[in-house]
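See below for the structure under consideration.
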Amino acid sequence: MSDKFTSRGVEQWVRGASVSDGAGVRLLRVLSGSLQRRLDPFLMLDEFGSDNPDDYIAGFPDHPHRGFETVTYMLAGRMRHRDNAGHEGLLSSGGMQWMTAGRGIVHSELPEQQDGVMQGFQLWVNLPAARKMAEPDYRDYGADEIPVHRDADGATVKVIAGYWRGRPGAVPANATEVLYLDIDLPAACRHREAIPAGHNAFLYVYQGELAVGEGQEKVAERQMAVLSGGGDGVALESGSGGARTLLIAGRPLGEPIAQWGPFVMNTREEIEQAIADYRDGRF
Ligand code: FE2
């Protein structure tokens, strides 16, 4: 990249809220509620991470989704997925599952381990109105199916979605052109990532800390940084301990968001229809 590179800065810092979901899984909910508009098309980001089975063993028994996509990225552990469209898969360390709920899916996500570390992230990505009632789709990507690049500056970049310097990630282009990178920076590493103009973008630092942009704004471990608009991308610099961060960006839909739990549509009427369809077994 040229020296004309201009970096986005940090517009807002966000700390996750500790919540319990599913049958009693302890989560850090980083993106929700009021950030859904600002970070359109993203609806939710949860981090799960524990070496205590009590925090995860109950998992997520059968539950529905309609109107969006879920992206589950595992750093450590094993989780079994089953759904009413007949899909079944094992999500394991370093792997990713991309599920398009579309018009409706009922699935379970259950730990396939009794002890040890379970760590990862679930991101909810909204679908455009025209795709909300699409056929459900699901795919598992093993760790070896997610492209990894070593940059000249020493950073290691896993490309879960989108393109990295022209090279496709595991899911190159979904409906909202999501860019989803897991970036591992060694100590004192200066690194740049391009972000498509017009995309909403954020960082979630899950290990270590980072300085961001020309202002060298600090983002601490377990903080999300909502990035400002404009610029060519984002400039990152790690401290003496290195850092690991997610960089997530997507094309905003600019459509109304109507949410009721696991259903995300455009209008209240569509939500009522989703509840009725689920109740009457039409998923
Ligand atoms: Fe789910």
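Each reported figure results from applying straightforward, stated rules to the coordinates on display, with no laboratory input. Remember, predicted model here, so these are calculated numbers, not experimental data. Glycine gets a Cβ as well: all are built from the backbone with ideal geometry, and neighbour counts include every protein chain shown.
Assorted remarks:
- Highest-fluctuation residue, LEU90, LEU127, LEU179 considered, GNM on the chain with Cα pairs under 10 Å: LEU90
- The chain: translational diffusion in µm²/s, Stokes-Einstein, Kirkwood Rh over Cα pairs, 37 °C, 0.692 mPa s: 171
- Semi-axes of the equivalent ellipsoid for region 1-117, computed as √(5λ) from the eigenvalues of its C-alpha gyration tensor and ordered from largest down, come to 28, 19, 16 Å.
- Region 52-98: C-alpha pair distances exceeding 12 Å, %: 70
- Ratio Rg/Rh, restricted to region 86-203 and using Cα atoms, in which Rh is the Kirkwood radius: 0.99
- Full extension of the chain segment joining TRP260 with ALA76 gains 63.2 nm, where the gain is 0.36 nm per residue of separation less the Cα-Cα distance.
- Helical runs (DSSP H, four residues minimum) scored at -39500 (n - 2.57) apiece and divided by the length of the chain put the mean residue ellipticity at 222 nm at -1500 deg cm²/dmol.
- Within the listed set GLN119, GLN223, GLN12, the residue fluctuating most in the Gaussian network model of the chain (springs between alpha-carbon atoms under 10 angstrom) is GLN12.
- Sites HIS63 and VAL148 - FRET efficiency at Förster radius 35 Å, r taken between beta-carbons, to 0.05: 0.60
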